[in-house]
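The values are calculated or read from the model by the stated rules, or taken from the named source; none is laboratory data. Fair warning: this is a prediction, and the values are worked out from it, not measured in the lab. In this analysis, Cβ positions are derived from the backbone assuming ideal geometry, glycine residues included, and neighbour counts consider all displayed protein chains. Protein only, heavy atoms only, side chains kept; ligands, DNA and RNA dropped before computing areas. Shrake-Rupley method; radii C 1.70, N 1.55, O 1.52, S 1.80 Å.
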Amino acid sequence: MYAIGMCVDARYLLPALVTLGSVADHLPVADRREGAVRVLTNGLSPGQAAVMESFARRCGFGSFDLRWQAPPSESVMADTAYISVATYLRFGFIPGFLGRPFLIYVDADVHVRGNVSTPLNALPTDRIGAVQDEFNPAVGQCPALPGVAERWPHLVGRPYFNAGMLWAPAPMLAPMRAGIQRALTGGRRHIKHNDQCALNLWLLSSGAAHPVGPVFNRFEVDRFLERGDWVRRVLRRPVTRHDGRVVHFVGNQKPWMRSCPGTEDVRAYRGQMRRTLAHLGRAGAR
């Protein structure tokens, strides 16, 4: 069985609950009962942690645990436009905390519309499952990992993975954490997208990546199309495709913000958010 892992600070409590509710909606009842929710935080108050535990249990998850944890001291924040250092917490999960043989890590700005445990069926025991990034698809063909293509030409064209969804066997958590630390100390000049670039440096050096199908981390792009056509030049798929089992709201316009354009996927997310708020209201947590 597996644990759903999330990293949450105070600003992202409601989005995290929306995401967790969408995860639960698409898992079998038995899986939720036998599975777990594991949360790492550097900013939730005890009261907010209690709200999250209550919500997870009302969603049917049989086990919940939360730990307060500081980001790694080596953390490199090259991009701070809308991301905090809490993003590095995703590498802090350890087998003893999980209490399950697998981790499914889920970012708090995704809307799940399918069973996220499916990729575990084909995941090798010595690999980390991840989806190729839609805006930064490959080394040397995007702004991510600056300087890597020039330093290691043989890596040009290798996939660059998004860190918003990860599938990991518990024994791979320690090698991943150690690899991230090495990447942060020895590859600082190659980091543009913070922990995601650090993750990819390790995946490139270790060969530990297991590609997961793109539908499990599909970017919501209609928000960007309202401001220009650059997305059409970058994407390797039609912008009209809406087949994501996981819809990821990358960028600084998040669907819970009133200023975010009301695209089709944003409206679907807001419907989930209304259900989450109603759930909290019935529990007296709002």
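Below is a table of values for the structure above.
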{"read-out": "Count of residues meeting criterion [of a type outside the set (D, E, K, R) and surrounded by 18 or more Cβ atoms within 10 Å (Cβ to Cβ)] in segment 84-109", "value": "15"}
{"read-out": "Answer from Ala149, Ala174, Ala163, Ala168 - the residue that is over 25 Å from Val116 (Cβ atoms) and small (Gly, Ala, Ser)", "value": "Ala149"}
{"read-out": "Residue ID - surrounded by the fewest Cβ atoms within 10 Å (Cβ to Cβ), chosen from residues in segment 35-73 that are within 28 Å of Asp265 (Cα to Cα) and of a type in the set (Ser, Thr, Tyr)", "value": "Ser54"}
{"read-out": "Single residue of segment 272-286 satisfying the filter (small (Gly, Ala, Ser) and loosely packed, with under 12 Cβ neighbours inside 10 Å) that is nearest to Gly213 (Cα to Cα)", "value": "Ala278"}
{"read-out": "Subset of segment 268-286 that is touching a helix residue (DSSP H, G or I) at 6+ places or on another chain (Cβ under 9 Å) and either outside any helix (DSSP H, G or I) or aliphatic (A, V, I, L, M) (or both) - its residue that is nearest to Ser117 (Cα to Cα)", "value": "Met273"}
{"read-out": "Hits in segment 88-113 - residues which are closer than 20 Å to Thr19 by Cα and more than 15 Å from the chain's Cα centre (by Cα)", "value": "Leu98, Phe102"}
{"read-out": "Residues (over 15 Å from the mean Cα position of the chain (by Cα), in a loop (DSSP other than H, G, I, E, B) and closer than 18 Å to Glu264 by Cβ) located in segment 204-227", "value": "Val221, Glu226, Arg227"}
{"read-out": "Every residue from segment 257-267 that is of a type in the set (A, V, I, L, M, F, W, C) and either buried (at least 17 other Cβ atoms within 10 Å of the Cβ) or assigned to a strand (DSSP E or B) (or both)", "value": "Cys260, Val266"}
{"read-out": "Subset of segment 35-61 [within 19 Å of Met273 (Cβ to Cβ) and in a helix (DSSP H, G or I)]", "value": "Gln48, Val51, Met52, Ser54, Phe55, Ala56, Arg58"}
{"read-out": "Members of segment 246-260 found to be under 22 Å from the mean Cα position of the chain (by Cα) and more than 29 Å from Pro119 (Cβ to Cβ), listed by number", "value": "Met257"}
{"read-out": "Positions within segment 4-34 being assigned to a helix (DSSP H, G or I), of a type in the set (Val, Ile, Thr) and crowded, with 21+ Cβ neighbours inside 10 Å, in sequence order", "value": "Val18, Thr19, Val23"}
{"read-out": "Complete set of residues in segment 110-134 that are touching a residue at least 60 places away in the same chain (Cβ under 8 Å), open to solvent by 20 Å² or more (accessible area, probe 1.4 Å), in contact with a strand residue (DSSP E or B) (Cβ under 7 Å, 6 or more places away or on another chain) and over 13 Å from Gly213 (Cα atoms)", "value": "Arg113, Pro124, Arg127"}
{"read-out": "Pairs, first closer than 17 Å to Ala10 by Cβ and in contact (Cβ under 8 Å) with a residue 60 or more places away in the chain in segment 32-61, second open to solvent by 10 Å² or more (accessible area, probe 1.4 Å) and assigned to a helix (DSSP H, G or I), C-beta under 8 Å, six or more apart", "value": "Val51/Leu13; Val51/Leu280; Phe55/His279; Phe55/Leu280"}
{"read-out": "Number of positions in segment 218-255 that are of a type in the set (Gly, Ala, Ser) and open to solvent by 60 Å² or more (accessible area, probe 1.4 Å)", "value": "0"}
{"read-out": "For Gly187: the one exception among (1) open to solvent by 10 Å² or more (accessible area, probe 1.4 Å); (2) farther than 16 Å from Cys142 by Cβ; (3) modelled with pLDDT under 95", "value": "(1)"}
